[in-house]
Structure formats: C-alpha cells, structure tokens
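The values are calculated or read from the model by the stated rules, or taken from the named source; none is laboratory data. Owing to the predicted nature of the structure, the values given are computational and were not obtained by experimental measurement. Here the Cβ positions follow ideal geometry from the backbone for every residue, glycine too, while neighbour counts run over all protein chains shown.
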Amino acid sequence: MTLAQKRPANPRFNNGFISRLQKQFPDLVPPIIAIIIFLILWQLFAWTPGATLPGPIQVIQDTWILIFWPFYDRGGIDKGLFWQILASLQRVAISYTLAAVVGIGLGILIGVNKTMSKALDPIFQLLRTVPPLAWVPISLAALRQNEPAALFVIFITAIWPILINTAVGVTQIPQDYNNVAKVLQLSRKEYFINILIPAALPYIFTGLRIAIGLAWLAIIAAEIVMSGIVGIGFFIWDAYQNNNVSEVILALVYIGVVGLLLDKAMAWLQNKILPAEQK
C-alpha cells in the first residue's frame with residue numbers, strides 16, 4: 001500500500017470545493033451560454049456567401065500551432081503568443097508604474113494647492129484628450145527609438161485618470177477631517193499619512209483601475225505602428241500585412257482575456273487594501 005493510499009481523502013477540502021463550485025455555478029451559466037450563442041452566430045455568419053472573415057472553426061484550424069505551442073521562440077520577432085504578450089506586459093508594467101507614481105504625486109499637489117490647480121488644469125485637460133496614436137509620431141520624433149517611444153505612449157495615456165481622480169479625492173476630503181487635524185495639531189507628514197491618503201484612496205484606486213485598461217489599449221496601438229519590436233500589437237500588424245486574419249482574431253482574443261485579468265487583478269488589490277466602508 002502506497003503513502004497516497006494510506007492517507008484518507010480530506011472531506012473538508014472536497015466538500016468546500018464542491019460547495020464553492022455549486023455557489024459559483026449559477027453565475028457561470030449565463031456567460032457560458034452567451035459565449036456559445038455568440039460563437040454559433042459568428043460561425044453561421046462566416047458560412048454565408050460573400051463572407052470575408054473566418055469563423056471560429058477556421059480560426060482554430062489556421063492557428064492551432066499558435067494555440068498549442070505559445071512558448072516557441074525562433075529568434076527575432078518570430079515568437080509564440082506567450083512571449084508576445086509578455087513583452088507587451090513588461091512595457092505596460094514599466095510605464096504604468098511610472099504613471100502611477102507621477103500621477104498620484106501631481107494629483108496630490110494640485111489637490112492641496114488651488115493656485116497650482118488653476119495653472120495646470122487647462123494644460124492637463126488639453127493633453128488628456130489626445131488619442132494614444134497621436135502621441136506615436138511625437139514620441140518617435142523626440143526619442144528616436146521604438147522601445148522608449150512605446151513606453152512614453154503608455155505613460156502619457158495612463159497618467160490622466162490617475163492624476164485627475166487623485167486630485168478630486170484630495171479636494172473631497174471632509175472638512176471635519178481637516179478640523180480634527182488642526183485640533184490635534186498634526187504635522188504635514190502625519191496629516192498626509194493619517195488623513196489625506198486614507199481619505200483619497202478610493203478615488204486613487206478608481207483612477208488606477210481606469211488607467212490599467214487605458215495602458216493596455218495604448219501599448220497595442222503603439223506597437224501596431226512601431227515596426228520590429230516583439231509585442232502583441234506588432235504581431236497583429238504583421239499578421240494583417242501577411243493576410244493572416246485568423247491570427248489577428250486569435251490575438252484579439254488574447255488581448256481581451258489579458259485586459260480582463262488586469263482589471264480583475266486591480267479590483268482584487270482594491271478590495272484587499274481598502275477598508276470595507278470605503279469600497
């Protein structure tokens with residue numbers, strides 16, 4: 001008799017897993033049904049005379065190598081989708097982190113300083129409306145290299161919701177909190193740590209959650225028009241140039257899944273950090 005046979009199964013684990021699955025099952029059924037209906041309609045549309053887009057069956061047939069071997073690496077830009085996604089995520093991580101640091105810092109500055117807010121608000125409102133693709137030629141002209149230009153495009157796209165939401169959060173601090181700080185004669189450091197940051201945190205997380213989605217959108221736009229860099233955006237453009245529409249569709253699925261996971265990860269972090277009454 002082996003060690004595994006001697007150990008009895010853990011009934012608590014099994015019962016707990018089954019109970020969680022049963023609780024989540026009603027929530028999983030509607031989206032699964034919706035996805036199945038969508039795939040059926042898509043396939044029926046692809047079978048209609050004159051249809052130019054491949055259906056899900058053809059997409060799987062054309063891209064089964066990419067689906068089942070996402071880790072291949074033949075050098076250069078000829079890499080599997082795992083490496084393409086990873087390269088894009090690395091760029092997003094760098095630029096998003098920088099945007100978060102700068103955005104939160106500037107947001108607090110203009111939130112506590114009315115003069116600074118009046119001076120910078122028109123500039124911020126002007127720049128935040130510029131689409132990500134419009135920044136590509138400017139970044140290329142200024143930085144002369146694809147990699148730093150792509151990082152700048154993500155940064156300049158992601159910073160605005162963080163900055164604006166942080167500034168709003170600072171200005172919305174209840175006056176009672178400020179009165180308590182005056183009565184207790186808190187220093188600037190104590191006020192910042194104990195009053196300002198906790199009160200503005202829900203607004204900051206709202207900006208961070210919006211920004212992560214914009215950052216992921218921006219990297220796709222930047223990589224599409226920047227040739228010769230490994231990334232899911234350039235992968236889409238290269239596939240389109242080679243008339244591999246099925247690869248484009250597969251990449252779009254990957255982009256959507258990764259974007260969803262990024263949003264869920266930020267929501268999970270928000271739930272872990274924020275107190276229950278602030279959620």
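General observations
- Residues located in the range 152-200, provided they are hydroxyl-bearing (S, T, Y) and not in a helix (DSSP H, G or I): S187
- Taking (1) part of a helix (DSSP H, G or I); (2) under 23 Å from the mean Cα position of the chain (by Cα); (3) touching a residue at least 24 places away in the same chain (Cβ under 8 Å); (4) more than 24 Å from A119 (Cα to Cα) in turn, A134 satisfies each apart from (3).
- The condition (being in contact (Cβ under 8 Å) with a residue 12 or more places away in the chain and closer than 23 Å to T171 by Cα) is satisfied by just one residue among A149, A119, A99: A99.
- Taking the range 108-130 as the range and being outside any helix (DSSP H, G or I) and under 23 Å from the mean Cα position of the chain (by Cα) as the test, the residues that pass are R128, T129, V130.
- Residue count for the range 241-279, restricted to those that are acidic (D, E) and either modelled with pLDDT of 90 or more or closer than 19 Å to P70 by Cβ (or both): 1.
- Here Q185 fulfils each of the conditions (1) of a type in the set (S, T, N, Q); (2) surrounded by 13 or more Cβ atoms within 10 Å (Cβ to Cβ); (3) on the phi > 0 side of the Ramachandran plot apart from (2).
- Of everything in the range 53-84 that is of a type in the set (A, V, I, L, M, F, W, C) and part of a loop (DSSP other than H, G, I, E, B), the residue that is nearest to E147 (Cα to Cα) is I77.
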